[in-house]
Amino acid sequence: MENSTKIDPYGFREYDARWLYDKNINLLGIENLGRGLGTQIIKHSKKNNPRVVVGHDYRSYSEKIKTSLKKGLISTGCFVEDLGLSLSPMVYFAQFNLNTDAVAMITASHNENGWTGVKMGIKKGLTHAPEEMKELKDITLNQKFIEGKGNEKKIDNFQQVYVILSIVLNSLLYFYLKFSIHYFSI
């Protein structure tokens, strides 16, 4: 059982956060990251209980990482909406489709197994930029956390919504391009 928080400050990068799990960050460190992110979301959204959509990638340990992040978010007052196993674009889309205040995706993207990380954003359509990451690092490492009472709910079958809308939008784009090429080539 972990009893001390481990979170390497160098894991906070310009646009996301990445660490080697368990070498540079442990579950308590991830929970503190959730507290820091929840505090930041509440500050920027100016809501006591902002809604945050979360998902995780295919790595065997990502769901465990997400559980710790959610625990931190909930402790600040965030209402977490969990999509489960997801692709990053699906989680970003869900922020719009579900009209949530923020997004957090547990993924190490292209990095090999052993890595973990979080892509996050508050403003719709944008992930954290360097100034937001600097603020998140300060809040997290200096434990400037807000305390609140949040909750969580599982969003079932969102993958189907994403796939169906992707097919419809791709079909519309295909026909638009086909029409445009035909029309402008006359």
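The values are calculated or read from the model by the stated rules, or taken from the named source; none is laboratory data. As the structure is a computational prediction, the values presented were derived from the model and not from experiment. All Cβ positions, even for glycine, are placed from backbone atoms using ideal geometry, and neighbour counts span all protein chains on display.
Annotations
- The numbered conditions (1) surrounded by 15 or more Cβ atoms within 10 Å (Cβ to Cβ); (2) more than 20 Å from the chain's Cα centre (by Cα) are all true for VAL161 except (2).
- Which numbered condition MET133 fails, given (1) more than 12 Å from GLN40 (Cα to Cα); (2) surrounded by fewer than 20 Cβ atoms within 10 Å (Cβ to Cβ): (1)
- Just one of the listed residues (TYR162, TYR176) is at pLDDT below 80, touching a helix residue (DSSP H, G or I) at 6+ places or on another chain (Cβ under 8 Å) and in a helix (DSSP H, G or I), and it is TYR162.
- Exactly one residue among LYS149, LYS144 is within 24 Å of ARG13 (Cα to Cα), at pLDDT 95 or above and either of a type outside the set (Gly, Ala, Ser) or in the same structural domain as LEU37 (by TED's automatic domain parsing) (or both), and that residue is LYS144.
- Residues being at pLDDT 95 or above, assigned to a helix (DSSP H, G or I) and among the small types (Gly, Ala, Ser) - total across segment 63-94: 3
- Residue count, segment 20-53 (criterion: β-branched (Val, Ile, Thr), over 14 Å from the mean Cα position of the chain (by Cα) and not in a helix (DSSP H, G or I)): 1
- Candidates ALA129, ALA104: the one that is under 26 Å from SER60 (Cα atoms) and either small (Gly, Ala, Ser) or not assigned by TED's automatic domain parsing to the domain that holds LEU73 (or both) is ALA104.
- Output for segment 95-108, where each listed residue is more than 14 Å from TYR21 (Cα to Cα) and assigned to a loop (DSSP other than H, G, I, E, B): LEU98, ASN99, THR100, ASP101
- Count - residues of segment 99-122 that are without any contact (Cβ under 8 Å) to a residue 60 or more places away in the chain, surrounded by 15 or more Cβ atoms within 10 Å (Cβ to Cβ) and more than 11 Å from the chain's Cα centre (by Cα): 1
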